[in-house]
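A short worksheet on the structure shown next.
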Amino acid sequence: MQHVYETRDDFLEFCRLEGEEADKNRTKYIPIFPKTIVNKVTSPDVGMQFSMNPYQGCEHGCVYCYARNTHEFWGYSAGLDFERKILIKKDAPKLLEAKIKNKNWKAATIVMSGNTDCYQPAEKKFEITRQCLKVFLKYRHPVGIITKNALVLRDLDLLKELAKDGLIGVNISVTSLSEKTRRILEPRTVSIKKRLETIRILSENDIPVNAMLAPIIPGINSHEILSLAKAVAENGASSMAFTVVRLNGAIGQIFTTAFTSGSLGEHGIS
């Protein structure tokens, strides 16, 4: 997929009225070097014990994303910085292997993407997720994946091998069946059609797929719950779950702006 950048007249007019220069920023990939990669999840609201995130920040730009607030811990904004300044953990595979080999570690499912999508566009360039999956396969260690990107199909070879021993579960997020709604909520994600196709292909290859109908937003996609459930079931999802949107921290303003302007990316929040 080729990324195309367009300078729109309405955006230029907005900049003129605000006395600002047109934004010329592009996504920046910033290497960071954490000492650990596996995080213990203590929240009772999240159905996982351990998670890991090869990337911080996410180019998908989902306006409701709860992970936006965590970018502020790194000194960046929860708005456009979250989408354009992606922190890359190149040592993730090495750190993961060290964790698994630690004599005190007791094997438990580690979920990739507990915070940000491990198959966001950066993965196509860096392949950190794929390298981590090789580590999981090497040690026959259970792993879960949460994503809304069809790029997960690139690693079908590794997923099939993990599935043979019941070591993998994939969660595909499907928020709406309306492309108009998707483009506002999730401006740089794959189409709904492609997402349902991803569920189908994974299922056909005996890889367990849980469909995440999330987030459910009253008045926006809440009327779609039954239709969403039917669509994911017809494409082979073996289970489904949902969460309700939470607009805490900076997310409320970003979410409101997205629906006021019709798109977060047109006017943005820095």
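Can you say whether residue 156 is farther than 30 Å from residue 246 by Cβ and without any contact (Cβ under 8 Å) to a residue 60 or more places away in the chain, as far as the supplied structure shows? Give the steps one after another, and end with the answer.
Numbers: farther than 30 Å from residue 246 by Cβ: yes; without any contact (Cβ under 8 Å) to a residue 60 or more places away in the chain: yes.
Considered against the rule, which asks whether it is farther than 30 Å from residue 246 by Cβ and without any contact (Cβ under 8 Å) to a residue 60 or more places away in the chain, residue 156 comes out as yes.
Only one of 113, 43, 77, 51 is within 23 Å of residue 246 (Cα to Cα) and surrounded by 22 or more Cβ atoms within 10 Å (Cβ to Cβ). Can you tell me which? Walk me through it before giving the result.
Details: 43 fails: surrounded by 22 or more Cβ atoms within 10 Å (Cβ to Cβ); 77 fails: surrounded by 22 or more Cβ atoms within 10 Å (Cβ to Cβ); 51 fails: surrounded by 22 or more Cβ atoms within 10 Å (Cβ to Cβ).
Just one listed residue meets the conditions, 113.
Looking only at the stretch 118-132, which residues are buried (at least 24 other Cβ atoms within 10 Å of the Cβ), of a type outside the set (Ser, Thr, Tyr) and either free of Cβ contacts under 8 Å to residues at least 60 places away in the same chain or in contact with a helix residue (DSSP H, G or I) (Cβ under 8 Å, 6 or more places away or on another chain) (or both)?
Taking the stretch 118-132 as the starting set, the residues that turn out to be buried (at least 24 other Cβ atoms within 10 Å of the Cβ) are 118-120, 129, 132.
So of that shortlist, the ones also of a type outside the set (Ser, Thr, Tyr) come out as 118, 120, 132.
Matches in the stretch 118-132: 118, 132.
Quick check, is residue 146 modelled with pLDDT of 95 or more, surrounded by 23 or more Cβ atoms within 10 Å (Cβ to Cβ) and under 24 Å from residue 218 (Cα atoms)?
Numbers: modelled with pLDDT of 95 or more: yes; surrounded by 23 or more Cβ atoms within 10 Å (Cβ to Cβ): yes; under 24 Å from residue 218 (Cα atoms): yes.
It is true that residue 146 is modelled with pLDDT of 95 or more, surrounded by 23 or more Cβ atoms within 10 Å (Cβ to Cβ) and under 24 Å from residue 218 (Cα atoms).
Check whether at least one residue in the stretch 131-141 is of a type in the set (Val, Ile, Thr) and outside any strand (DSSP E or B), and report yes or no. Break it down into steps so the answer makes sense when it comes.
Kept after step one, since they are of a type in the set (Val, Ile, Thr), are these residues of the stretch 131-141: 135.
Those left that are additionally outside any strand (DSSP E or B): 135.
Within the stretch 131-141, one or more residues are of a type in the set (Val, Ile, Thr) and outside any strand (DSSP E or B).
The conditions are (1) over 21 Å from residue 27 (Cα atoms); (2) assigned to a helix (DSSP H, G or I), and residue 70 fails exactly one of them. Which is it?
Failing condition for residue 70: (1).
I need the full set of residues from the stretch 154-178 which are surrounded by fewer than 16 Cβ atoms within 10 Å (Cβ to Cβ) and either in contact with a Phe, Trp or Tyr (Cβ under 9 Å, 6 or more places away or on another chain) or hydroxyl-bearing (Ser, Thr, Tyr) (or both), in order please.
The answer is 178, and nothing else.
Is there any pair with a first residue in the stretch 213-228 that is farther than 18 Å from residue 148 by Cα and a second that is of a type outside the set (Lys, Arg) and in a strand (DSSP E or B) whose Cβ atoms are under 7 Å apart and which are 6 or more apart or on different chains, and what are they?
Correct list of pairs: 222/216.
Tally time: how many residues in the stretch 62-74 are over 12 Å from residue 247 (Cβ atoms) and crowded, with 23+ Cβ neighbours inside 10 Å?
Qualifying residue count, the stretch 62-74: 2.
Scan the stretch 212-235 and tell me whether some residue there is out of contact with any Lys or Arg (no Cβ under 7 Å at 6 or more places or on another chain), basic (Lys, Arg) and modelled with pLDDT under 95.
First pass over the stretch 212-235, keeping only residues out of contact with any Lys or Arg (no Cβ under 7 Å at 6 or more places or on another chain): 212-234.
Going one step further and asking which of them are basic (Lys, Arg), we end up with 230.
Among the residues that remain, those that are also modelled with pLDDT under 95 are: none.
No, there is no match, as no residue in the stretch 212-235 is out of contact with any Lys or Arg (no Cβ under 7 Å at 6 or more places or on another chain), basic (Lys, Arg) and modelled with pLDDT under 95.
Check whether at least one residue in the stretch 181-193 is closer than 18 Å to residue 144 by Cβ and in contact with an Asp or Glu (Cβ under 9 Å, 6 or more places away or on another chain), and report yes or no. Steps first, answer last, please.
Taking the stretch 181-193 and keeping what is closer than 18 Å to residue 144 by Cβ, we get none.
Scanning the stretch 181-193, I find no residue that is closer than 18 Å to residue 144 by Cβ and in contact with an Asp or Glu (Cβ under 9 Å, 6 or more places away or on another chain), so the answer is no.
The values are calculated or read from the model by the stated rules, or taken from the named source; none is laboratory data. All of these numbers come straight from a predicted model, not from anything done at the bench. All Cβ positions, even for glycine, are placed from backbone atoms using ideal geometry, and neighbour counts span all protein chains on display.
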